[in-house]
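Peer 1: Sharing a structure with you now.
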């Protein structure tokens, strides 16, 4: 497959092949995903071939039909051109650096410019979740959370108080996620409860939804799949139109996959795909509490690994690694890459390639940025295959010992 082709053209072909369809079959499948009239199959198959060759980018009419046919989100398959800039620098955006913001807070100089600077700081911290070492980020997050709590003792307008409490809610969510990444379940649950309380106080569907999502995540990684589904459903009811609803749906799909309920998993995945497809493209895809379109493939990858659909899981893993890797092999989302490596390791182990399985597995657990509970959960899938099929091989036993060390409480 030519590397000169646009990514969407290469992916249309790889996703079709992963499903075992011919181009004609893919054209016929398109009819199941639209009520609009489509051209004759022969004509549509020629168009499909041209799309795979990159001769023409599908129009706004065809793009969502193709994405639905291939089971992905339109903006993930066809990212918008000229995407918004992300990660505004604090000084250029506000004219203030961190030291000046803190000085103003201590001097009770709480005006709109200061609050805007704090808001940008909170967004920056939430955008660093994927890459910054958790022990560093959690320290900074707790410092700012403490400052926002101390602000409540000052004279604030009703609007300023509400905005500062809302920012505290987002920071509490960030700190709770980092605590759980580090293996401190008790602290993470207490912080999650605080975030939920703040979300209720300011009536923020996003904060309440993410607090429930954390509960679903905690349940899923501890093996309480029905608890994950219940938390996901509660979060959907609380989240309104915030994009967290998609991740809440995804956690339910992952739980159904682990319970062996494939049909329910597929229905839930499709519900999440449709929900995300209807949302506008986010202004900052780096923010941990924003669900970007490319993350849907990450959710689906996990589900198809569970159900043993290796061709689909491999295609999705390759895409997750591609999208999560920036220029000069810079890892934008290293934890997504780690889980994709585990998925490729599971597939290799199922196909008898122990050497590749172990190499993929080692790559996943040696990264600097990891969520211990999530990585332990997905790595257990690889451990199960290795233990069942290759127990007694010295290199396999060594890797399994590494996983046991990973799974010990911090």
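To keep it simple, each residue is scored yes or no on (1) surrounded by 20 or more Cβ atoms within 10 Å (Cβ to Cβ); (2) in contact with a helix residue (DSSP H, G or I) (Cβ under 7 Å, 6 or more places away or on another chain).
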residue: 262; (1), (2): no, no
residue: 271; (1), (2): no, yes
residue: 276; (1), (2): yes, yes
residue: 284; (1), (2): no, yes
residue: 288; (1), (2): no, yes
residue: 299; (1), (2): yes, yes
residue: 304; (1), (2): yes, yes
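Peer 1: Please identify the pairs in which a residue from the range 173-184 that is farther than 16 Å from residue 212 by Cα has its Cβ atom under 6 Å from the Cβ atom of a residue that is part of a loop (DSSP other than H, G, I, E, B), counting only partners at least 6 apart or on another chain.
Peer 2: Sorted first by the residue in the range 173-184, then by its partner, the pairs are 181/371; 182/410; 183/409; 183/410.
Peer 1: Please enumerate the residues belonging to the range 356-388 that are within 16 Å of residue 402 (Cα to Cα) and without any contact (Cβ under 8 Å) to a residue 12 or more places away in the chain.
Peer 2: 366, 384
Peer 1: If you go through the range 6-35 one residue at a time, how many are outside any helix (DSSP H, G or I), surrounded by fewer than 16 Cβ atoms within 10 Å (Cβ to Cβ) and touching a helix residue (DSSP H, G or I) at 6+ places or on another chain (Cβ under 9 Å)?
Peer 2: The number of residues fulfilling the criteria is 3.
Peer 1: Considering each residue of the range 39-64, count those that are in a loop (DSSP other than H, G, I, E, B) and crowded, with 19+ Cβ neighbours inside 10 Å, and give that number.
Peer 2: Within the range 39-64, residues that are in a loop (DSSP other than H, G, I, E, B) and crowded, with 19+ Cβ neighbours inside 10 Å number 1.
Peer 1: Sticking with this structure for a sec: Residue under question is residue 68, and the condition is that it be free of Cβ contacts under 8 Å to residues at least 40 places away in the same chain, in a helix (DSSP H, G or I) and surrounded by 17 or more Cβ atoms within 10 Å (Cβ to Cβ); does it hold?
Peer 2: No.
Peer 1: Give the range 219-260 a look and list any residue that's closer than 23 Å to residue 183 by Cβ and either out of contact with any helix residue (DSSP H, G or I) (no Cβ under 7 Å at 6 or more places or on another chain) or outside the structural domain of residue 200 (by TED's automatic domain parsing) (or both), or say none.
Peer 2: Passing the criteria: 222, 223, 224.
The values are calculated or read from the model by the stated rules, or taken from the named source; none is laboratory data. Owing to the predicted nature of the structure, the values given are computational and were not obtained by experimental measurement. Ideal geometry is used to build each Cβ from the backbone, glycine not excepted, and the neighbour counts take in all protein chains shown.
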